[in-house]
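Just so you know, all these numbers are worked out from the coordinates, no wet-lab data involved. Being a predicted model, the structure only gives us computed values, none of them experimental. With ideal geometry, Cβ positions are generated from the backbone for all residues, glycine too; neighbour counts draw on all protein chains shown.
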Amino acid sequence: MPNIRWLICDFFYGTYNVIRWMPVIWSDHDGDWAYLARIMEYKLSRMSNVFKKYGHHDGSEKDAQRTMVCAELLNRLRTESHYTYPPTRHSVQRDYLLDAYYQEYIGKMIGKHLRYWWN
């Protein structure tokens, strides 16, 4: 039988999670990549803070840095409008390559380190 103390702690932590995630989930809409990016950004930035504050494993500082960089790049992809108007062939190509680089970097970091990001 589970310890009642753990059940109570899980209940309060779960309630805290619901409250903490409410603004992110409330604004979520299916079918738009920007909302997925916002959810991932929020999760990665919180993980980074946990690694900085409570990291007990070797490389927790590096993991904190990696997760924060991924969160920042997701934020840039989602919020920055770095496209120029009127668009020129060179500006469109540059902006497309920059976005592609951000996406590739995020994918590589998550693909390579996801199973090792723990506290």
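Quick notes
- Our summary gives the stretch 30-116 a relative contact order of 27 percent, counting only alpha carbon pairs under 8 angstrom and 6 or more residues apart.
- Positive dipole terminus of the stretch 30-116, leading residue within Thr79, Leu36, Tyr54 (C-beta point charges): Tyr54
- Entry for log10 I(q)/I(0) by the Debye sum over Cα atoms at q = 0.12, 0.14, 0.15 Å⁻¹ (calculated from the structure that is shown) out of [x] -0.44, -0.58, -0.65; [y] -0.59, -0.76, -0.84; [z] -0.66, -0.76, -0.81: [y]
- Principal-axis tilt of helix 60-79 within the chain, Cα atoms, nearest 10 degrees: 50 degrees
- For the listed peptides 45-56, 4-15, 106-117, 68-79, a ranking on the average number of other beta carbons within 10 Å per residue, highest first, reads 68-79, 45-56, 106-117, 4-15.
- Distance in nm between pseudo-label sites at Asn3 and Tyr101 (7 Å out along the Cβ direction from Cα): 5.0 nm
- Going from the fewest other Cβ atoms within 10 Å to the most, the residues Glu61, Glu41 appear in the order Glu61, Glu41.
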